[in-house]
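The values are calculated or read from the model by the stated rules, or taken from the named source; none is laboratory data. Computed from a predicted model, the values in this text were never measured in an experiment. All Cβ positions, glycine included, derive from the backbone under ideal geometry; neighbour counts span all protein chains shown.
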Amino acid sequence: MNKFQWDDNHPQAQYGDGISHPRKGAHTKLYKLLVRGPQMAAMKVELKAETQRDAVRYGKARWPGAAIEVIK
């Protein structure tokens with residue numbers, strides 16, 4: 001895994017502006033996510049995103065097949 005712990009070996013993983021992270025200059029907040037995958041330990045990550053929905057979408061792009069939920 002790379003330093004961002006993305007599943008970059010997964011054939012369905014997607015990266016890029018607006019796909020796995022906000023576009024440059026977007027107004028964002030920091031969201032805490034719990035990521036649980038079938039063959040990985042659960043982990044807590046913090047992602048910058050425009051909305052809570054976008055944070056989950058970015059997480060799903062980075063870790064396809066994982067269960068992603070926003071936590072407080």
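A compact table of results
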| read-out | value |
| --- | --- |
| Failed condition for A49, given (1) in contact with a strand residue (DSSP E or B) (Cβ under 7 Å, 6 or more places away or on another chain); (2) at pLDDT below 95; (3) of a type outside the set (S, T, Y) | (2) |
| Odd one out for D7, checked against (1) touching a Phe, Trp or Tyr at 6+ places or on another chain (Cβ under 6 Å); (2) at pLDDT 95 or above | (2) |
